[in-house]
Amino acid sequence: MDICNRTVLIVGGTSGIGLGLARRFAAAGSTVIVGGRNTGTVEDLETVEIDVTDPASVIRARDEVLGRHPDLDVVVTMSGVMLIEDLRDPAHSAQAEATIPVNLLGTIRVIDAFTPHLIARGGGNLITVSSGIAFLPFPLMPTYGASKAGVHAYTESLRAQLDGTGIEVTELIPPA
């Protein structure tokens, strides 16, 4: 994938791997917008506030980004939380209920919000971020692993359904 001269939205790009990816795109000459709940931590890139657990926030952010950047051609969705769980304690369900809406449903919401735009423009790139933990048991964070396995399966289906639309679907699998 060419990362030069693109217009890129990275949801979950206000820290960590997402921010590193954003800076890499920017260094290659791309216009980069990073989205997240805590945009105040990013001073050198354009930002948009977005909470992927809130469908209205995702739609508002989409409209804001497309209003400023109708040429948007790359969407990266990588919001995620990693919460420790003890499956012997029924109270762990609070961590599970906090993880799934961010990691899996958040990915789906962002893709759903931007896919019609990419289809209408005749192409672009959708990039999801799962994890190597999606493919191995990780007892310390079982719902994180399950949610990222869900992102992987969803990405495979998305790629099949968007075949022939001009939209490339890529899955990043850190740390690989």
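The values are calculated or read from the model by the stated rules, or taken from the named source; none is laboratory data. Everything numeric in this text was worked out from a predicted model, so none of it was measured. So basically every Cβ, Gly included, is an ideal-geometry build from the backbone, and we count neighbours across all protein chains shown. To get the accessible areas, we keep the full protein, side chains included, count just its heavy atoms, and leave off ligands, DNA and RNA. Shrake-Rupley method; radii C 1.70, N 1.55, O 1.52, S 1.80 Å.
How many Å² of accessible area per residue for segment 2-83, probe 1.4 Å?
Heavy-atom accessible area per residue stands at 46 Å².
What's the ranking of 74-84, 15-25, 134-144 by average number of surrounding C-beta atoms within 10 Å, highest first?
Details: 74-84: 21.8, 15-25: 17.5, 134-144: 16.0.
Top to bottom by mean Cβ count within 10 Å: 74-84, 15-25, 134-144.
Give me the Kirkwood hydrodynamic radius of segment 1-43, using the inverse of the mean 1/r over all pairs of distinct Cα atoms, in Å to one decimal. All intermediate terms of the calculation are to be shown ahead of the outcome.
Working: mean 1/r = 0.0986 Å⁻¹.
About 10.1 Å for segment 1-43.
If every alpha-carbon in the chain counts as one equal scatterer, what log10 I(q)/I(0) does Debye give at q = 0.10, 0.14, 0.15, 0.18 1/Å?
-0.37, -0.71, -0.82, -1.16
Keeping the other protein chains in place, figure out the carbon and sulfur percent of the accessible area of the chain, with a 1.4 Å probe.
C and S atoms contribute 56 percent here.
Using Cα centres only, tell me the gap between segment 112-128 and segment 130-176 in whole Å.
18 Å
Compute the length gained on full extension between residue 84 and residue 176: take 0.36 nm times their separation in residues and subtract their Cα-Cα distance, giving the result in nm to one decimal.
Between residue 84 and residue 176, full extension yields an extra 30.9 nm.
If R₀ is 25 angstrom, what is the calculated FRET efficiency for the pair residue 152 and residue 5, using the beta carbon separation as r and rounding to 0.05?
So, using R0 = 25 Å, E works out to roughly 0.25.
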